[in-house]
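Working notes, beginning with the structure itself.
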Amino acid sequence: MITRPSFSQEVANLLYAAEGSPLLVCMQCGTCSSTCPAAPFMDHSPRAIIAMIAADLKEEVLASNAFWYCASCYSCTVRCPRGINIADMMYGLKRYSLWRNQYPQGLIGPDFSRRFARMIVRTGKSFEPALAPAFIFHAGLRGLLGEMRTALALFLKGRLPLIPSRVKRAKNFRRMLSRIIPLARPA
Amino acid sequence: MKTYAYFPGCSLESMAASYHLSTIETARALGIELKELEDWNCCGATAYFHIDEILAHTLCARNLAMAEKEHLDLVAPCSGCYKNMYFTNAHLKKDADLAEHINLALSEDNLQFSGTIGVHHVIEVFVHGVGLEEIKRRVTHPLKGLRVAPYYGCQLMRPRKDHEDIEGPHFFEELLAAIGAVPVSYPPKLRCCGGSLIITHRKAALSMVRDLLQSAVQQEAEVIATICPLCQINLECYQSQVNREFGTELSLPVLYFTQLLGLALGIPAKRLGIGSELVSPELALASCC
């Protein structure tokens, strides 16, 4: 009989190119959580997320902000005594959540990732001065003022160019990308 | 003169232009030619891996293939770019199926990945390629007693590449000592600067930056030396926001290691892009240079 893969099996499959042991060898020691600089800000620690995946708590995992707080510093990955690539798992969860368009309200991460990717597909390079303005309004009034002051100071020091750089062979570049995702429209 | 294919990365074209200048200048002074890849593209940073893994590898592979065409090893000054291209190179060398898939795409730009080159970070090229003895020999203006916090950040050492000791590296300290500076003991030298969380989770990132700065102050560092544009931007450009957010009064200059190295090699500050900081290093540098 053919059965649907469980959520934990799906997540295992997400780690296609990742090196390291499968999630199921996790022994819940919590080294990942204790070494993670962003764990204090997450609603569930990395250790808890792995336990939740193993328990197939799909909706709870997708409702968590934990993987969006991962800055991919790989402290967990290099210290996991079972050799699990936890940071790559966090990447996998971000992809899964974007693919399903399912994530907690109010997060900037999903929108930022999409805009960033679109920019690279369009121009071949990232140009943060054009990306940041879409997000500074999320930072509250103090954050907004802070960001504006920083941007002005950078501009005055000549560190904020106004014109983004682009790849030269733009046509080839986009044809190349459309080979990977065949439905993407070539230029 | 040893020649490398040079991949500046997107940040070095805008907010981190001084890293670009100082990398080129110091490399030249150390007898290394950096030949910029003629039509490089973004390495995908972290965000692209949120969207699609194979596409992210394709972006890196295009740069690798261009360097292969020149028969040159690739050098990146940004730790993020270095990490991405290092691992795409490693994955594609091991996974012939993935390489075939990506080569199909690369052929649209008349490129092929064949796995013939290596990928290095600029600091590795200086420390291991040129060597500390040679650097020491070329120092004309030692940074007499300047107390520097060596900040490695994440992506150079992690995930594990071919470095032996990823928990307690000391080559950065040795480099600083070779140019006459005093490397301070800096416990969080491998901790994360927050990376792109500075945009997506501002408060979390600011608190990570605050901890890094405070630790350097505790060690009486006069300047933090970085090897990555994102670390530099988070630690320096967001310092005023840290102060406003947490009521701290931090004012610690953050320079690229290439700028300090360049000064020690006798290159004028202006040619190293010194002077475009938001936290001026003038006072710290006045006593030593």
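Observations on the model:
- Single match in B:117, B:54 (criterion: touching a residue at least 12 places away in the same chain (Cβ under 8 Å), surrounded by fewer than 23 Cβ atoms within 10 Å (Cβ to Cβ), within 11 Å of chain A (Cβ to nearest Cβ) and among the β-branched types (Val, Ile, Thr)): B:54
- When residue A:85 is tested against (1) buried (at least 16 other Cβ atoms within 10 Å of the Cβ); (2) more than 17 Å from residue A:27 (Cα to Cα); (3) not aliphatic (A, V, I, L, M), only condition (2) is not met.
- Applying the criterion of at least 3 residues that are at pLDDT 95 or above and out of contact with any Phe, Trp or Tyr (no Cβ under 9 Å at 6 or more places or on another chain) to the helices (runs of 4 or more DSSP H) found wholly in segment B:231-289 leaves B:239-246, B:257-264.
- Among the criteria (1) in contact (Cβ under 8 Å) with a residue 24 or more places away in the chain; (2) surrounded by fewer than 19 Cβ atoms within 10 Å (Cβ to Cβ); (3) more than 25 Å from residue A:152 (Cα to Cα); (4) out of contact with any Phe, Trp or Tyr (no Cβ under 8 Å at 6 or more places or on another chain), the one residue A:129 does not fulfil is (3).
- Test set (1) surrounded by fewer than 21 Cβ atoms within 10 Å (Cβ to Cβ); (2) more than 7 Å from chain B (Cβ to nearest Cβ); (3) not in a helix (DSSP H, G or I) - residue A:138 fails condition number: (3)
- Selection status of residue B:210, away from chain A (no Cβ under 14 Å), in a helix (DSSP H, G or I) and of a type in the set (D, E, K, R): no
- For segment B:224-246, a residue qualifies if it is away from chain A (no Cβ under 12 Å) and either more than 19 Å from residue A:153 (Cβ to Cβ) or surrounded by fewer than 21 Cβ atoms within 10 Å (Cβ to Cβ) (or both), and the qualifying residues are B:225, B:227.
- Any hit, segment B:126-148, residues being within 14 Å of chain A (Cβ to nearest Cβ) and at pLDDT 95 or above: no
Residue by residue, here is whether (1) outside the structural domain of residue B:11 (by TED's automatic domain parsing); (2) without any contact (Cβ under 8 Å) to a residue 60 or more places away in the chain; (3) under 30 Å from residue A:132 (Cβ atoms) holds:
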residue	(1), (2), (3)
B:149	yes, no, yes
B:156	yes, no, yes
B:161	yes, no, no
B:173	yes, yes, no
B:177	yes, yes, no
B:181	yes, no, no
B:193	yes, yes, yes
B:198	yes, yes, yes
B:217	yes, yes, yes
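- Within segment B:1-100, helices (runs of 4 or more DSSP H) holding 1 or more residues that are closer than 19 Å to residue A:121 by Cβ: B:48-51, B:53-69, B:79-94
The values are calculated or read from the model by the stated rules, or taken from the named source; none is laboratory data. What you see is a predicted model, and the numbers here were worked out from it, not measured in a lab. Here the Cβ is made from the backbone with ideal geometry for all residues, glycine too, and neighbour counts use every protein chain on show.
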